[in-house]
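Novice: Below is a structure I'd like to ask you about.
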Amino acid sequence: MSEDKQPVNNEEYALQIGSLDVFLLSDGLVRLDGGGAFGLIPRVMWEMLLPPDKFNRVPLSLNCLLIRSEGKTILVDTGLGDHLTDRQHQIYGLARGENDGLIQALARLGIMPEKVDIVINTHLHADHCGGNITRRDEGRELIPTFSNAEYWIQRMEWADAAFPNERTRATYLAHNFLPLEATGQLSLLNGDTRVSSEVRTVVTRGHTRAHQSIVIESGGEAALYTGDLATLAVHFERLAWVTAYDVEPLETIETKRLWQRWALERNALIILPHDTQTPLARLRQDTEGKTQLEPITPVPIQQ
């Protein structure tokens with residue numbers, strides 16, 4: 001299937017979870033090698049779900065989450081940001097319209113960067129934290145994008161990112177997170193952490209050693225923003241499907257097993273970070289124990 005005919009959904013959505021206003025916002029769309037997204041799964045299997053282009057690239061959304069809870073404006077993940085080099089633009093195949101990107105999406109909701117109280121990075125891979133930082137007045141100096149926010153990052157994740165190895169150094173880019181320490185905006189977490197009575201972070205080990213996901217519970221309803229615990233819907237649905245980027249793939253499988261049970265027990269909304277076709281879904285289980293994600297049709301934000 002040609003690139004321009006691939007089914008791609010890059011809308012932004014308004015969600016109601018209990019009494020909470022939650023927004024799924026986009027920082028754009030990238031095209032990356034399908035082998036990275038699907039790891040050991042043979043192409044003949046995954047290409048039926050997400051057909052690649054002639055360069056073997058598949059489309060991936062850069063979904064971020066905005067939550068308003070107990071007077072706090074909480075942003076989960078920040079996409080790639082606005083300071084990529086030309087070479088990085090090419091590598092990621094980044095596509096954004098003239099008025100697209102996370103900052104523009106926030107502005108359409110009436111939220112300026114200085115109004116964000118907390119930024120939570122699920123992990124420090126560039127496509128989840130690049131928007132932490134922006135250039136001052138289009139110059140060379142990089143400063144925190146959200147000038148009044150605390151940036152919440154797991155302590156072990158920070159350590160792994162600050163001292164990367166040969167496998168991880170291509171995506172742990174120090175300029176995306178080190179400036180936070182210099183400005184005093186860094187808050188390092190030690191495991192699962194309560195953000196408000198309705199929102200908490202939970203360590204979901206596997207993609208990285210201290211990857212964290214976000215649990216929302218309000219008014220008897222529940223949701224899980226998976227981060228890269230499940231990059232695409234099929235990754236949450238099928239335990240054995242893990243990405244080539246997971247540093248601990250066997251841990252990913254066991255972590256998914258736990259959160260599948262949680263999702264089934266609570267009929268939880270599952271929010272995916274990169275799925276262009278099924279960004280929102282609920283997990284179902286048939287009489288034989290087979291799990292499947294049922295897509296949810298959300299309400300697009302009017303632009």
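Novice: Quick one: compute the contact order of region 193-234, relative version, from alpha carbon pairs under 8 angstrom and 6+ residues apart, as a percent.
Specialist: Details: 59 pairs, mean separation 12.2, N = 42.
About 29 percent, as a whole number.
Novice: Once Lys and Arg get +1 and Asp and Glu get -1 on their Cβ, which of Met45, Leu186, Leu62 lies farthest toward the positive end of the dipole of the chain?
Specialist: Farthest towards the positive end: Met45.
Novice: Let me ask something additional. So how do Met112, Met48, Met156 line up by other beta-carbon neighbours within 10 Å, fewest first? Walk me through the numbers before you get to the answer.
Specialist: On the way: Met112 11, Met48 8, Met156 18.
Lowest count first: Met48, Met112, Met156.
Novice: What does a probe at Ile91 reach in region 130-158, counting residues whose amide N is under 14 Å from the point 7 Å along Cα→Cβ?
Specialist: 130
Novice: R0 = 22 Å: FRET efficiency of Ala182 with Arg140, Cβ-based, nearest 0.05? Mind showing how you got there, number by number?
Specialist: Numbers: r = 15 Å, r/R0 = 0.70.
Efficiency, from the Cβ-Cβ distance: 0.90.
Novice: Any idea how far apart Phe55 and Lys290 come out in nm if each label point goes 7 Å out from Cα toward Cβ?
Specialist: Inter-label distance under the simple model: 3.6 nm.
Novice: Normalise the Debye intensity by I(0) for region 3-300, one equal point scatterer per Cα, no solvent, then take log10 at q = 0.16 Å⁻¹ and round to two decimals.
Specialist: -1.42
Novice: On full extension of the chain, what length is gained from Thr297 through Glu265, given 0.36 nm per residue of separation minus the C-alpha to C-alpha distance?
Specialist: Additional length available on full extension: 9.4 nm.
Novice: Within 9 Å, Cβ to Cβ, of Ile103, how many net charges do the neighbouring residues add up to if Lys/Arg are +1 and Asp/Glu are -1? Provide the component values of the computation, followed by the final result.
Specialist: Numbers: positive: none; negative: Asp27, Asp82.
Neighbour charge sum, excluding Ile103 itself: -2.
Novice: Moving to a separate point now. Please list 195-202, 12-19, 269-276 highest first by mean number of surrounding beta-carbon atoms within 10 Å per residue.
Specialist: On the way: 195-202: 18.9, 12-19: 17.0, 269-276: 25.4.
Taking the mean over residues of other Cβ atoms within 10 Å, the ranking is 269-276, 195-202, 12-19.
Novice: A further question on this structure: Compute the relative contact order of region 3-300 as a whole-number percentage, counting only Cα pairs closer than 8 Å that sit 6 or more residues apart in sequence. Before the final figure, lay out the partial values.
Specialist: On the way: 655 pairs, mean separation 53.5, N = 298.
About 18 percent, as a whole number.
Novice: What does the charge dipole of the chain about its Cα centre add up to, to the nearest 20 debye, if the Cβ of each Lys and Arg holds +1 and the Cβ of each Asp and Glu holds -1? Don't skip to the end; give the middle numbers.
Specialist: Values: 29 positive and 41 negative charges, 77 e Å.
Taking the Cα centre of the chain as origin, the dipole is about 360 debye.
Novice: Same structure again: If you take the square roots of the eigenvalues of the alpha-carbon gyration tensor of region 168-283 and sort them as a ≥ b ≥ c, do you get rounded (a/c under 1.5), prolate (a/b over b/c) or oblate?
Specialist: Here region 168-283 falls in the oblate category.
Novice: Relative contact order for region 25-153: what is it in percent, counting Cα pairs under 8 Å that are at least 6 residues apart?
Specialist: Details: 231 pairs, mean separation 36.6, N = 129.
RCO, region 25-153: 28 percent.
Coordinate-derived values only; no laboratory data. A quick note: this is a predicted structure, and the numbers were derived from the prediction, not measured. Here the Cβ is made from the backbone with ideal geometry for all residues, glycine too, and neighbour counts use every protein chain on show.
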